[in-house]
Each structure stands twice: as C-alpha cells, then as structure tokens.
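Student: If you scroll down you'll find the structure; I have some questions about it.
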Amino acid sequence: MLDVLGLEPDDERVYRALLGRPDSTATPLSDLLLVSQADVDKALSRLVGWGLVIRSADGQFTAAPPAMALGALISQRRDGLRMAEQALVTFAEEHRAAMTGSSINDLIEVVTGVDAIRHRFLQVQRAARTQVRSFITAPFLAVPPGENTAEPAAIGRGVHFRAVLDRAVLAEPGIIADAVDSLRNGVQLRVVDQLPMKLVLADADLGLVPLAVTPAGEPGAVLLHRSGLLDALDALFETVWRTAHPLELSSTGGEAGTTVELGAEGPTDLDRKILALLLAGLTDPTAATQLGLSPRTLHRRLRHLMDMAGVRTRMQLGGYAVRHGWVDPR
C-alpha cells in the first residue's frame, strides 16, 4: 500500500506494528512479524530515515503520527511529481526540436510480437496528457475487452477518450459490457460500418498502428512520433469521427434468464440498449446475444416499442426514437 511512497513491504509491516506498540525494540517486533531481527533492524533504520519512526536514547522505537509523517511524505511526492511533469514538458519540447529534420528511422519504430504491442499500447495511453483517440476493430490480438488497464488510470488524470468502433466489433464477446463501463467513465464511443485500420493516438505526439502478421507469424505494429504521417492520421480520425454514429448504452438491462418487464411510461434502459445496438447496425440475433436475451424477447420488446411510438416499421421506430430523445441523435 505504501510502496508508492518508496517504502519496502517490511517497512510498512514494521511501521503498522509500531502504531499499536509504542516504545518497542527490534526483538519483540521480529517475533511478532515472524521476520528476522536483521531485517527488522534494516526496516527500522529506513523508517527512522524517512521520519516515520522515532528512536529514543535507550534504543526503543515509536511510530510517528501517520497524519504528520505520512502526510509529509505524500506532500514531498506531490512536489516531486509536479517537478517531473515540468521536466516532461521541457524534455518533450527538446525532443520535438531534435526530431525536426530527423531521418525516417527516428520517426517510426517497428514493434513486433503480442507482448511488445500490448506494452506499447498501454504506454501510449500513459503518455497522453489531454486526449486519447482510437479506432477499434476485430479481432483483438494484444488487449482483449476489459483488459485496458491504462484507460481508467488516464481518465483519472483528466485525459479525454474518444473511440470509433468498427460495426463488426459489437458482435465480439464481452464488448458490450466493456463499452458500458467505458461510457460510464466518460469515454465517448461512436460506430461506423467499417474502419480501415486499428489506431491509437495520444495527443498529437504519438500514434500506434497495428499491422498485418509478419512473415515470421507474429503480429506487428508501428509507433509513430510527431510527423506529417501522424498529422494525416490525426485528420483521418477527426473525419471519421464526424460521420460516425454515437453509441449510447445504459448501465443496466436484462440478462439471460431474467424476466423483462414491459414499461408503459416510456422506454426502459434495456429498450434503449436494444435501440442503440440496432441503430448501430447489429442484426437481431447478435443484439440479443450481446444483451443476454432470447430472440423472442428482443422481438417482443421491439413490438412493444413500435406500439408505444405508434409506428409500423423499424425505420419509423428509429426516426421516432431519435426525434423523441430515446437515443442520442448526434
């Protein structure tokens, strides 16, 4: 827990033990924690150096109050992080200046292998300061749905995420649950019929473009630094984004084996999910599978929505849903 402050696991264990046992020595702490006395001595020495433990003249140790001692460490870390961020900006500017006129080998890095692509995919997102934009297509090779650990961390830093999904992706297992989580966290998602490639852009500085499998049988990708090519991909994303259909999915809905109530006042969260997926172009069987419904239940929900809207066709239902705010028209 305290490793983010630079403490070793033994340091934390000894400090926590001292919190309830002031004026202790190394021997009883060693017996209590089942740690060698030599390791306890080293931990106490480090804790004294950190200011987390006070040593008396007779060789007894007492934990310093956490609010004071840990608070001071946290403040120091924050100051250090602010200095590191300032250095990052400076280094980035120096790097951009140095890259001006660089050779093509300095602007493009070839990445080979699933593990290396996954590492770069996460790294690109961690490097973003303001926004991450992506094209998402199937199949998922390096990072399956639900395993993008860099996204929530970046969102926590205030990074804005926008993603365009290839329509076929919505049929992939787990993608709807992943999309619901992303939307709940503020990610904007849109759908198009077909995307030309996978793509991840971090600000206007980095781009990762997965490529076809190499002759050796491994997937490959290129990491692009700021360049005319990266600017072209930036423009491509914005062009596709403007014409893509928004994907809006509520966080609740039916599951397999669940009785679905037919609402009389208006569309339920499940109804909105059904409409969103069908307007995004999914077939009835695929939409039903993704929502954990039987085809019969999905058709019953659609019939109810058509009756509610007073329309006869699905095209009319789609237009009514957009006009009356049942789905996002943007």
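The values are calculated or read from the model by the stated rules, or taken from the named source; none is laboratory data. All values derive from a computational prediction rather than experimental measurement. Backbone-built Cβ (ideal geometry, glycine too); neighbour counts: all protein chains shown. Please note that ligands, DNA and RNA were not included when accessible areas were found on the heavy atoms of the full protein model with its side chains. Shrake-Rupley method; radii C 1.70, N 1.55, O 1.52, S 1.80 Å.
Student: Provide the packing ranking of 298-310, 49-61, i.e. peptides ordered by the mean count of other C-beta atoms within 10 Å per residue, highest first.
Tutor: 298-310, 49-61
Student: Still on this structure: How would LYS42, LYS198 rank on accessible area, largest to smallest, probe 1.4 Å? Please report the intermediate quantities before stating the final value.
Tutor: On the way: LYS42 120, LYS198 50 Å².
These residues rank, largest area first, as LYS42, LYS198.
Student: Step through the residues of segment 313-322 one at a time and calculate ³J(HN,Hα) from phi using the Karplus curve (6.51 cos²θ - 1.76 cosθ + 1.60, θ = phi - 60°), rounding each to whole Hz and writing x for Gly and Pro.
Tutor: 10, 5, 5, 5, 5, x, x, 5, 4, 5
Student: Let me ask something else. Run the accessible area of segment 161-204 with a 1.4 Å probe and give the carbon-and-sulfur part as a rounded percent.
Tutor: Using a 1.4 Å probe with all protein chains present, segment 161-204 comes out at 49 percent carbon and sulfur.
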